[in-house]
Amino acid sequence: MSKISGLIWIYRLLMLEYALPVARYEDICWPDQDSYDNQTARLYFVRQKFLCRGGFYPIVYLIEALAYSHRIACKEGCRTNVS
């Protein structure tokens, strides 16, 4: 579960850099964050497209797997020790 959480965290950082890049990336034609008039709207657009449930992106599968494992962990409770 912690590996999935780590992957989701890294993916969210990459999406934040994609949405509002700190610097201009001329190699891949990404403008810097100052070129967007409404930065909040840009961030919301990228979030809706790539980071929400119901999309066809790998992150959606990871979020679903994390939620499913969390439900199982809550349902089963703590691990028991047998001695």
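Key figures for this structure:
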item: Considering residues of the range 1-43 that are of a type in the set (S, T, N, Q) and part of a helix (DSSP H, G or I) only, the residue farthest from I63 (Cα to Cα); result: S35
item: Of all residues in the range 1-39 being β-branched (V, I, T) and under 17 Å from the mean Cα position of the chain (by Cα), the one that is surrounded by the fewest Cβ atoms within 10 Å (Cβ to Cβ); result: I10
item: Unique residue being assigned to a helix (DSSP H, G or I) and either of a type in the set (D, E) or modelled with pLDDT of 80 or more (or both) when the list is V46, V60; result: V46
item: Pairs where the first residue, in the range 28-44, is under 14 Å from Y18 (Cβ atoms) and the second is hydroxyl-bearing (S, T, Y) and part of a helix (DSSP H, G or I), C-beta under 9 Å, 6+ apart; result: W30/Y18
item: Total residues in the range 8-43, condition under 28 Å from H70 (Cα atoms), touching a helix residue (DSSP H, G or I) at 6+ places or on another chain (Cβ under 9 Å) and at pLDDT 80 or above; result: 5
item: Residues being part of a helix (DSSP H, G or I) and either of a type in the set (V, I, T) or modelled with pLDDT under 75 (or both) - total across the range 63-83; result: 2
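The values are calculated or read from the model by the stated rules, or taken from the named source; none is laboratory data. Fair warning: this is a prediction, and the values are worked out from it, not measured in the lab. Heads up, the Cβs are rebuilt from the backbone with ideal geometry, glycines too, and the neighbour counts pull from every protein chain shown.
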